[in-house]
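Nothing in this text is a laboratory measurement; each read-out follows from the coordinates by a stated rule. Everything numeric here is computed off the predicted structure, so don't read it as measured data. Positions of Cβ are backbone-derived with ideal geometry, glycine not excepted, and every protein chain shown enters the neighbour counts.
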Amino acid sequence: NAGVTQTPKFQVLKTGQSMTLQCAQDMNHEYMSWYRQDPGMGLRLIHYSVGAGITDQGEVPNGYNVSRSTTEDFPLRLLSAAPSQTSVYFCASSALAGERMEQFFGPGTRLTVL
Amino acid sequence: AQSVSQHNHHVILSEAASLELGCNYSYGGTVNLFWYVQYPGQHLQLLLKYFSGDPLVKGIKGFEAEFIKSKFSFNLRKPSVQWSDTAEYFCAVNAKGSGTYKYIFGTGTRLKVLA
């Protein structure tokens, strides 16, 4: 049982490049989400999903796309990277959307956009 | 829109001192409340959670939190901190909005415990 996995752990992009951050969980969790963590700003919700085929925007969705074709995977796409997207990205999952379960976090992806 | 406020951004304590970190949320509906901890270089882990019932909840490593509904608060406490408690602490709310639940985190409190 690997929990929540994220790849890559580190990534450097140039402005304008696109890329996909991968997230997978093996706990059969319906709820998955992406956060970015910036100094002094805590974790800000980018997008979340309550099940396969269902996604919704969080607090800071601009510049990011998500899809949820399977229960296990929830990739985050940066369409055209900007320096403002330099951050640490965390994926998380929990057992039931809206239920009283804790979120399990992945190890994070540290992204630098030059 | 729902939000979570953590008033203390940086806290420095000596070992054995008592700790209280404030957390307030703004949401009038049903909420579940959490405290997470992030040790240096690691991902977030759950410290404790409140769903219903006894407003005083106990978590791991001697931490506890009290839910005061009238004050929309969920403050974290520990009677005697240790050097190993040096970490960043996040309060989070899981509330229903726009038809689905989502988690909202506070900005975090960075705790440094001096040996």
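With contacts defined as alpha carbon pairs under 8 Å and 6 or more residues apart, what's the relative contact order of chain A in percent? Don't skip to the answer; put the middle values down first.
Working: 305 pairs, mean separation 40.3, N = 114.
Value for chain A: 35 percent.
If you take the charge dipole of segment A:1-65 about its Cα centre, with +1 on Lys and Arg Cβ and -1 on Asp and Glu Cβ, which of A:57, A:17, A:34 is farthest toward its positive end?
A:17
Provide the descending list of Cα extents for segment B:23-73 along its principal axes, expressed in whole angstroms.
35, 21, 14
Determine the dipole magnitude for the protein assembly as shown: charges of +1 sit on the beta-carbon of Lys and Arg, -1 on that of Asp and Glu, nothing else is charged, the reference point is the Cα centre, and the result goes in debye to the nearest 20.
Numbers: 19 positive and 16 negative charges, 70 e Å.
In debye, rounded to 20, the protein assembly as shown gives about 340.
Using a 7 Å offset from the Cα along the Cα-to-Cβ direction at both residue A:112 and residue B:26, what is the distance between the two label points in nm, to one decimal?
3.7 nm
Please give, to one decimal in nm, the separation of the simple spin-label points placed at residue A:26 and residue A:70, each 7 Å out from Cα toward the Cβ.
1.2 nm
Could you state the number of Å between the C-alpha centres of segment A:24-101 and segment A:1-18?
13 Å
Straight-line reach from residue B:69: which aspartates and glutamates have a Cα under 14 Å away, not including same-chain ones fewer than 8 places off?
Partners found: B:54.
Can you work out ³J(HN,Hα) from phi for every residue in segment A:68-77, in order, using Karplus 6.51 cos²θ - 1.76 cosθ + 1.60 and θ = phi - 60°, giving whole Hz and x for Gly and Pro?
For segment A:68-77, the Karplus-derived couplings read 9, 8, 10, 5, 7, 10, 8, x, 10, 10 Hz, x marking Gly and Pro.
Got a sec to turn the phi values of segment B:28-40 into Karplus ³J(HN,Hα) couplings, 6.51 cos²θ - 1.76 cosθ + 1.60 with θ = phi - 60°, whole Hz, x for Gly and Pro?
Using θ = phi - 60°, the values come out as x, x, 6, 10, 10, 10, 9, 10, 10, 10, 10, 6, x Hz.
Once you list every other residue whose beta carbon is under 13 Å from the beta carbon of residue A:58, what net charge do they have if Lys and Arg are +1 and Asp and Glu are -1? Let's see the in-between values first.
Working: positive: A:36, A:44, B:102; negative: A:56, A:59.
That sum, taken over residues with Cβ under 13 Å, equals +1.
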